[in-house]
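K.L.:
Quick one: this structure, given as structure tokens, is what I'll be asking you about.
None of the figures in this text is laboratory data; all of them are computed from the coordinates on show. If you're wondering where the values come from, they're calculated on a predicted model, not measured in any experiment. Positions of Cβ are generated from backbone atoms using ideal geometry, with glycine treated the same way; all protein chains shown enter the neighbour counts.
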Amino acid sequence: MKLVILSTILVLISSKVWADTGNPPVEQDFKCYITFKNNAEIAFYRWKTSEMPLRMANLVGTLRQSNDGKKSYINAVEECIELNASFSSSKAQALDKLTPR
């Protein structure tokens, strides 16, 4: 009987340890082509990969200091991609080439 109880406890503990060692959420660097009322820029963010669409949507309407030092509200987030990827928009690609890392 003691052996059965001990075996059951070991199985429960090992399954909990196995469940806890799952893949943690991975954070990744993203670059986003964002537009303001009068200009556009490339902004850099670090998000969990699974949260990227939600975070991207939440950027619209937030107050951000642009590269020229003025505070403006973000009008639109045109595209967010991984840091090493290329934008699909030609405007974003041209601006990305000028943006320092």
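K.L.:
Over 21 Å between Cα atoms, which of K48/K70; K37/K70; K31/K97; K48/K91; K37/K71 qualify?
P.N.:
K48/K70; K48/K91
K.L.:
Would you kindly calculate the mean projected area, averaged across all directions, of the convex hull enclosing the Cα atoms of region 27-98, in square nanometres?
P.N.:
Averaging across all directions leaves 4.6 nm² for the Cα convex hull.
K.L.:
Still on this structure: Want the number for Q93 to A57: 0.36 nm per residue separation, take away the alpha-carbon distance, what's left?
P.N.:
Working it through step by step, the gained length comes to 10.9 nm.
K.L.:
Pull out the extension gain between R101 and E78, defined as 0.36 nm times the separation in residues minus the alpha carbon to alpha carbon distance; nm, one decimal.
P.N.:
6.3 nm
K.L.:
Tell me which trypsin sites (Lys or Arg not before Pro) from region 63-98 have a DSSP coil assignment and no more than 13 other beta carbons within 10 Å of their own.
P.N.:
K70
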